[in-house]
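Computed from the coordinates by the stated procedures, all read-outs in this text should not be read as laboratory data. Small disclaimer: the values here were computed from a predicted structure and weren't measured. We place every Cβ from the backbone using ideal geometry, glycine too, and count neighbours over all the protein chains shown.
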Amino acid sequence: MSEAKGFKSWLTTTDHKRIGLLYFWTAFGFFLIGGIEALVIRAQLAQPNGHVVSAETYNQLFTMHGTTMIFLALMPLGASFFNYIVPLQIGARDVAFPRLNGFSYWVFLFGGLLLNASWFAGPLFHAGMLNVAPNGGWFGYANLTERQYSPGPNIDFWMLGLQILGISSLAAGFNFIVTILNLRAPGMKMMRLPVFTWMTLVTQFLIITAFPVITVGLAFLMFDRFFGTHFYVREAGATPILWQHLFWLFGHPEVYILILPAMGVVSDVLPTFSRKPLFGYTVVVYSGVLIGLMSWGVWSHHMFAVGLGPIADSVFAGTTMLIAIPTGVKIFNWIGTLWGGDIRGTTALHFAVGFIAMFIIGGLSGVTHASPPADLQQTDTYYVVAHIHYVFFGGTILGLFAGIYYWWPKMTGRLLNESLGKWHFWLQFVGMNLAFFPMHLIGLLGMPRRVYTYSPELGVGALNLVSTIGAFLIALAVLIFLVNLWRSRTHGQPAPNDPWGGATLEWSISSPPPVYNFSVIPTVTSRLPRWSTERHGPMQDPPAVPPGPIHVPGGSWWPLVAALGLPVMALALLSHTLWVAFAGVALLIGGIYRWAFEPFEV
Amino acid sequence: MTLGTLDVVSRCRLWLTTATLALAGCAGPFPQSTLRPRSDLGRAIDHLFADIFWWAVIVFVLVETLLVVALIRFRHREGRPAPKPTHGHTALEIGWTLAPAVILVLVAVPTVRTIFATAGDAPPEALKIDVIGHQWWWEYKYPTLGVVTANEMHVPAARPVQVSITSADVIHSFWAPALGGKRDAIPGHVTRIAFRADSMGEYSGQCAEFCGKSHANMGLRVIVDADSAFETWARAEQGGPATPAPASPAERGKAVYSRSACLACHTIQGVSPGVIGPNLTHVGSRTTIAGGMFPNDSAHLARWIADATALKPGSLMPRMQPPLTDGDIALIVAYLQSLK
């Protein structure tokens, strides 16, 4: 029942809280790498005809920036909260499949390391350093990514890295669906779930339905590149457009995989700091479900320039505009939550409100390119770069930071410093608007995206300089955040069970929670169990000392061993060495076999 | 007021002016602005965008105001009674579902109308131009005129033009913002745009779909001529290449060209048959080289022939083996410049 210590205990851990922390630090590390890539990109574009990096390096940088931020930073930062918070919010002792959870984390780590190893792997392929990182864009359009036009190992790293990461996401997706559906505490009906848990559930359904699509798309590309098939080869009668359909069938749900968890965080943070229940809980939940469903019917709005014909364009314009309705409804409900409240301006609330304010801009620019004719002037320009950054940075990142400031005390037992937090917020808020707002104009003035250089004649040099200054302000803000994290370890005020007066179950236990979470599984009688409502007083928090012994599963090496098989198989393809493939398969199957027959008590 | 503040103030004014000019679509030094349409297609798109833009501004102001008012009015103050635990309001929910729906209908109707109006079909008498994207330059063919050229497209003002776009290698996107939206150039597919340019001038554009190492260096020009100027240009292009004067550097350059590997990739009518690189029959009449990147002058031409990849990363034009001497390069430059 006591917690194991030491390095080994982290390698074998199956505790959702530890895995949540592993996800957090790993994803944050990748977030910093993706951020440094962004800074080099901005340094190159600070003025026309920039010479900071070469064309080839630039193409690798923007490819890896996008891939890293989406797959290695934002998704797993969300996953760190799914892991740490969801079992606490539903009153469970762990996730449904703790070892599968460990497997998901290790597969994610190895996939991320494989992708980033490409920066240094050049010499192994008779090329210099910084020469074989992926360079086909995060969207990897065929036929540019076919062997004929991208002969090096660059695209192989990208393709294999994404395949591995997909396995991690799928395993986690099934795990969290089962957890949320089956491990709820007595009385925790679906319509009593905290909205963060609800949005996690919707996100997991999107993951398990969207990732198979990109898996198929990538498998076709893999066959084309390694075995000479012709899935996207025009000369063999195929069409590279197939890739775009498959990629965006995954890619658009992916946008909501990234934004829904942040919407969940905001829906939990706002009520806590307004001292008021979420306005229109049912509507907010159903809007989230509806957004998830609708995200399947809009993919071709990424392809208006492909020329699918006026009927297809009209239909996809219509479905895309429809999705603005549930999104707008959520925003109005959040404002309704603040309205009439007693708003405490904590850092977490700052970030949650910042999310609303910035996400509106991303949503509205989204409507301008939901209209195909207008989109034909905007797509593939900096206008769209502005749009996605208002959605992902203004939306997802601000939302996730709200979550970090909100749950950090729960996760570490230490409060973050509020004044450093405010500095962080305001610098980041100003920085992001300086960095991303000018991009709207830069795009409308005719600068395409994914260009390593631009001519001074375009007249967008000054706007680009402002954008670069903004990017460095964001970097400063993130540095302040890191200082705050570091300080909190020794100087942070010890966190009580509930520093904020929260309504949900995670605040009823100590910070950080004991390894078994709840000494007694609570019985839930309302949507806001820790607040008094018209019919109930607040629940009684579980006792600090459990009344009897609690079984907690021990650690296991086998998830790590099985996960190691996947990067080894990828190495086999990269090095064209058959026996390495067998070694990888042996690790994977051997790991799973031992895992399956592991004794229950360890 | 110190000098520093003055500087900031004047800078801010510069910013505001730039922003206003850009948004108003007035004249300004922005050759690739999407906000200064110069064709019927461009104007249709611009009107639609302006409509949606103002709706977006209205919604933005409204929602952000509500948010700020809520934050100020309901901020925590000591002694304020605990907030009423409202859970929702059905009429409000219906209201703020319907309001965006109505606005979206007002956006969707003109959108669909514009989609069909700009679907890319020009009247049959339109001038037809085939655009073929290559890594990293543009090839233009005028099938009815029998003209083949590169990177600089000539079209007559006030006459409908039907552009059919495809690609010889990877996916590109043909985009001349003043004349209208972009369309992808996809191998094995033909996409189309139709427009009628309404004022003469030289409009710049560039490839908009990431297409490999030198995607940034795949520029283009569309030159809108008066009818008579267009006829003159077309007649000149239809003719064979200029014959260099006997014993001139240009004639010696032609001899060097004819014994070099140049002819494997480039066409000069009656001289060389290559089809991989741009057609050079009238290269001397173009104002730029290398995908609109450099002025077509002797210095740039010479550097380009000596080592194209040094000017344009990844360029598929190789260095000659054995390398051409500087003297040979100067002769070839003289020849190319004579090909008006």
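Values computed for the structure shown
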quantity	calculated
Average Cα contact separation per residue, segment B:127-238, under 8 Å, 6 or more apart, as relative contact order %	30
Contact order normalised by residue count of chain A, Cα under 8 Å, 6+ apart, percent	18
Listed peptides A:541-550, A:397-406, A:435-444 by packing density, highest first (mean Cβ within 10 Å)	A:397-406, A:435-444, A:541-550
Fraction of the pair-distance distribution of segment A:450-532 above 17 Å, Cα-Cα pairs, percent	70
Once the Cα gyration tensor of chain B is diagonalised, semi-axes √(5λ) in Å	52, 25, 19
Mean Kyte hydropathy of -1.0 or more with a Cα span along the axis of at least 24 Å, helices from DSSP in chain A	A:16-45, A:98-117, A:154-182, A:195-227, A:241-274, A:347-370, A:418-444, A:461-491, A:558-575, A:578-596
10 Å Cβ shell holding at most 10 others, DSSP loop, GluC sites (Glu not before Pro): longest site-free stretch of chain A	A:1-533
Largest to smallest principal axis extent of the C-alpha atoms in the protein assembly as shown, angstrom	108, 65, 59
Peptide A:341-354 - average C-beta neighbours from other chains (10 Å radius)	3
Total lysine pairs under 21 Å (Cα atoms) in chain A, excluding pairs fewer than 8 apart on one chain	7
For segment B:249-338, the Rg and Dmax computed from alpha carbons only, in angstrom	11.8, 31
Whole-percent pair-distance distribution, where bins are 10 Å wide, for the alpha carbons of segment A:18-536	4, 19, 30, 28, 14, 5, 1, 0
Chymotrypsin sites (Phe, Trp or Tyr not before Pro) restricted to segment B:29-60 and DSSP loop, no more than 14 other C-beta within 10 Å	none
Average projection area in nm² (convex hull over Cα atoms of segment A:49-191, one quarter of hull surface)	11.1
Shielding score for A:379-389, defined as the mean number of other chain Cβ atoms within 10 Å	2
Percent of alpha-carbon pairs separated by more than 22 Å within segment B:127-238	25
Lysines whose Cα lies under 17 Å from that of B:K312, excluding same-chain neighbours fewer than 8 positions away	B:K213
Principal-axis tilt of helix B:40-73 within chain B, Cα atoms, nearest 10 degrees	30
Loop-exposed trypsin sites (Lys or Arg not before Pro) per DSSP, neighbour cap 13 Cβ within 10 angstrom, longest uninterrupted part of chain A	A:190-534
Estimated inter-spin distance, B:K340 and B:A306, nm [label 7 Å along Cα→Cβ]	2.8
Inter-chain shielding of A:453-464 (mean C-beta neighbours from other protein chains, 10 Å cut-off)	4
